[in-house]
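Written below as structure tokens is the structure these notes are about.
Derivation of every value follows stated rules applied to the coordinates shown; laboratory data play no part. In this text the structure is predicted, and so the values were computed from the model without any measurement. Because the Cβ atoms are built from the backbone with ideal geometry, glycine has one as well, and the counts that use them run over all protein chains shown.
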Amino acid sequence: MRREAGSEPGGLSDWHAHWLPPSFVEYVGRRRTPPLLTSADGKLQLVGVNGARHTVAKGLGDIDERLRALDRLGIERQVLSLPGLFGVDTATCEDPVSLVQVFNEGLADIVQQRGDRFSGLASLPLARLEEAPAVLDYALTKLGLSGAILPADAFADKETALRFDDVLRVANDAAAHIFVHPGPLPASKPMGTAYADEAAALRKGVFDIQNGLTAAAITLEFTDFLDAYPALTLHLANLGGNLAFLAERIAHGAGRYNLTPEQSDGRLKRIYVDTASFGPRAIELAARTFGRDRILFGSDAPFFLEPAPGSPVLAGGINRD
């Protein structure tokens with residue numbers, strides 16, 4: 001990633017952080033059809049087009065609170081993006097392009113005001129994918145954003161990933177950054193927030209999310225899909241799903257899976273992963289398996305801003321000149 005989108009040498013960048021610009025909150029608050037904002041029990045909620053409700057944490061829109069947290073934790077720069085499970089970028093409503101453009105312009109405002117501390121990744125209108133390349137090009141060339149966020153389900157397999165070729169070619173031409181975050185494609189079944197029991201909640205909130213990221217990581221690392229985009233950088237959230245745990249099995253069965261010699265050890269060579277929502281044991285396993293240069297610090301702010309006790313600070317990879 002370009003220096004202006006990263007951090008100064010020695011500074012810690014947080015690559016997985018979310019933000020709702022005040023202008024976007026105001027815009028969605030005026031809507032009468034989902035996605036819209038409502039208040040319940042004194043808490044602000046975003047209602048997605050699929051009916052799912054997501055509580056809007058205070059830290060999503062309070063930039064002063066965010067800066068205080070960054071200073072307290074020693075984070076020099078945060079790379080801000082749309083919360084990946086809110087469904088705004090996958091909205092199939094009447095004006096999905098307007099929704100993401102309002103978000104992108106609000107994000108650009110904070111990047112322009114506080115470019116010393118924040119970079120931004122554009123949201124794209126995935127329900128009108130044919131318009132997404134132009135939206136990304138505008139975000140990169142006119143708004144000063146550094147790349148885009150895409151849902152993990154976009155890379156569930158190579159056939160699905162090829163639908164995003166035009167978007168990734170724009171990113172590649174600009175040497176931009178792509179952040180792959182847990183999330184569905186338009187018209188997918190919503191994640192939902194009501195569960196039959198505690199186990200169902202864990203399956204949805206942990207197992208399904210990590211499996212989606214694992215599938216994306218396998219597409220991106222173990223096929224030739226990314227060969228067409230050598231100039232872009234790309235990272236996956238949450239340690240890339242379960243790939244660190246599976247690397248030994250991949251290496252053990254490399255011949256059975258027809259992997260190339262370069263892929264046979266199960267290590268990462270093209271993509272990066274961030275540490276968001278994990279603690280020291282998982283991070284240390286990923287660092288040993290993939291190498292520290294493939295691990296980026298990510299907080300998932302404001303949802304998991306405080307690192308787990310004992311978490312190592314791992315920064316590197318694409319924090320470069």
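What to note about this one:
- Lysine-lysine proximity count for the chain, Cα under 29 Å, sequence distance 8 or more or distinct chains: 9
- Packing order of peptides 288-297, 123-132, highest average first: 123-132, 288-297 (average count of other Cβ atoms within 10 Å over each peptide's residues).
- Looking at the range 219-281, the trypsin sites (Lys or Arg not before Pro) that sit in a DSSP loop and have at most 10 other Cβ atoms within 10 Å of their own Cβ are 256.
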